[in-house]
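See below for the structure under consideration.
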Amino acid sequence: MVKLYLGYWVLQHGAPADKARVENMIRFSEDGTATDLDRRYPQAIPEVIGQFVLHETHYPGFWGNTTTSTEDLARFTSAIVGDPLATPIINGMRTASPVAADGYKQDFGTSRVPGVVGAKFGWDDNRNVHATASFGNGFTIAANTYGAASQLTSDILGAVRITADGIRNSGRQPSPLEQQILNFVPVQFHDPARQAIRGAEDSVANAQLGL
């Protein structure tokens, strides 16, 4: 998922030719492009971490080993949705390819929530960890599951329900995995209690994701 952070910095400070690569890096989740940009701009992710105060994101020197959290992802996505600078990132999320550059399907998790119009997909090299960050009209949502892509989809669809007022908690007792989900939406779109779903397992939501 940290391709989002990397791409934002490149759009701010990168060479024009590198800025032109960001949209497809997001659309197709291109690892090769991310590795090249990370090598060219090793300061990129650390500076975005500071700029957006991403307390749960840590860069050890390589984008693929960076850890982040659903909270940081949701806050960052919410912050850039309306930012003209981030238009290539948002366009890449809106037009995410059904199949990533490595052949993996991008059709799971928060992207399946009704009302979502853009998503970024992530998974680890062994495809045992999956995460997504998505946005719709007036909301952003991010989730992480230690399990298959289908499990993430099941977790997220079981944890939210859609009403006339927007996304809300399903009303049932959330599972530990569901407590890794964090929504950042305007008050009119969710129960205030939804913001407090930060259980003991929330720290486990930090994952090394091979985006």
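Structure summary
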quantity	calculated
For the range 76-156, diffusion coefficient by Stokes-Einstein and Kirkwood Rh (Cα), 4 °C, 1.567 mPa s, µm²/s	101 µm²/s
P(r) of the range 1-81 over all Cα-Cα pairs, binned every 5 Å from zero, in whole percent	3, 16, 31, 27, 19, 4, 0
Where N is the number of residues in the range 69-108, Cα Rg divided by 2.2 N^0.38 Å	1.34
Taking only Cα atoms of the range 49-97, radius of gyration then Dmax in Å	12.0, 30
Difference of contour (0.36 nm per residue) and Cα-Cα distance, residue 24 to residue 128	35.0 nm
Scattering curve values for the range 19-63, log₁₀ I(q)/I(0), Debye with Cα scatterers, q = 0.20 Å⁻¹	-0.70
Separation of the residue 91 and residue 47 label points, Cα + 7 Å toward Cβ, nm	2.3 nm
Global size of the range 1-138 as Cα Rg and Dmax, reported in angstrom	13.5, 38
Charged-residue dipole, Cβ positions (Lys, Arg, Asp, Glu), the range 1-68 about Cα centre, Debye nearest 20	120 debye
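No value in this document is a laboratory result; all are computed from the given coordinates. None of the values given here were measured: they were computed from a predicted structure. We place every Cβ from the backbone using ideal geometry, glycine too, and count neighbours over all the protein chains shown.
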